[in-house]
1. Could you please rank Asp43, Asp106, Asp66, placing first whichever residue has the fewest other Cβ atoms within 10 Å of its Cβ?
2. Which far-off residues, 5 or more places away or on another chain, put their amide H under 5 Å from the one on Val62, with H placed in the peptide plane?
3. If you wrap the chain's Cα atoms in a convex hull and average its projection over all directions, what's the area in nm²?
4. Whose amide H sits under 5 Å from the amide H of Cys82, counting only residues 5 or more places off or on another chain, with H placed in the peptide plane?
5. Let me have the relative contact order for the chain, percent, based on Cα pairs under 8 Å that are six or more residues apart.
6. Residue by residue, what Karplus-based ³J(HN,Hα) values in Hz, rounded to whole numbers, does region 127-135 have, using 6.51, -1.76 and 1.60 with θ = phi - 60° and x for Gly and Pro?
7. Give the peptides 167-176, 71-80, 133-142, 116-125 in descending order of average Cβ contacts within 10 Å, highest first.
8. Sequence gap at least 6, Cα distance under 8 Å: using those rules, report the relative contact order of region 73-152 to the nearest whole percent.
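What follows is calculated from the coordinates using simple rules that are stated; it is not laboratory data. From a predicted model like this one, the values you see are computed outputs, not experimental measurements. Cβ atoms come from the backbone with ideal geometry, glycine included; neighbour counts cover every protein chain shown.
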Amino acid sequence: MTVGRVLVTGGVRSGKSRHAEGLLAEERAVTYVAAGPVYDDDDWAARVAAHRARRSATWSTVETRDLAGAIRTATGPVLVDCLGTWLNAVIDEARLWEAPVVEIDDYVGGLLSEVAAVLAETRVPVVVVTNEVGLGVVPEHRSARIFRDALGTINQRVAAVCDEVHLVVAGRVLKL
């Protein structure tokens, strides 16, 4: 199945990555953009291994925070997994967790503008995975509020340039 631009959102362990992979399952060559941080622990390694095991051996993996560049240079379908881990890595690398919110918004917003523009212009199928984190309580800790608010904005801007948005809950998909 060839798709245009699809944003796949949902909670942790909802099945969103599996669904996103399924959207491109018939494609021989897919660029899988692993956009998140690299953690040095057994749990993270197991999670990464499980994702890799599900993907076709013909898919290539690119580990980068440069989402716009990865999409821009792709010659075939792209799967980005995921905007939540990308945001975490971007804030970590820029050391912005303690910065004023306006500084974080400006920095992330600049990167996001480029990603949204490239997504709007691309001619290759792109499936982008993200986390839906705004359905719960207001977090007690500042870093969690910053993350939740920034990701909510990111999700809105990416959804605006996508052809479809799929919400995955408990392994079930709702096309919005």
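1. By the 10 Å Cβ count, ascending: Asp43, Asp106, Asp66.
2. Tyr32, Val33, Ala34
3. 9.9 nm²
4. Amide H neighbours of Cys82, under 5 Å, 5+ apart: Ala35, Gly36.
5. 37 percent.
6. With the stated coefficients, region 127-135 comes to 10, 10, 9, 8, 9, 9, 10, x, 9 Hz.
7. 71-80, 116-125, 167-176, 133-142
8. Taking the mean separation of contacting Cα pairs over the length of region 73-152, I get 48 percent.
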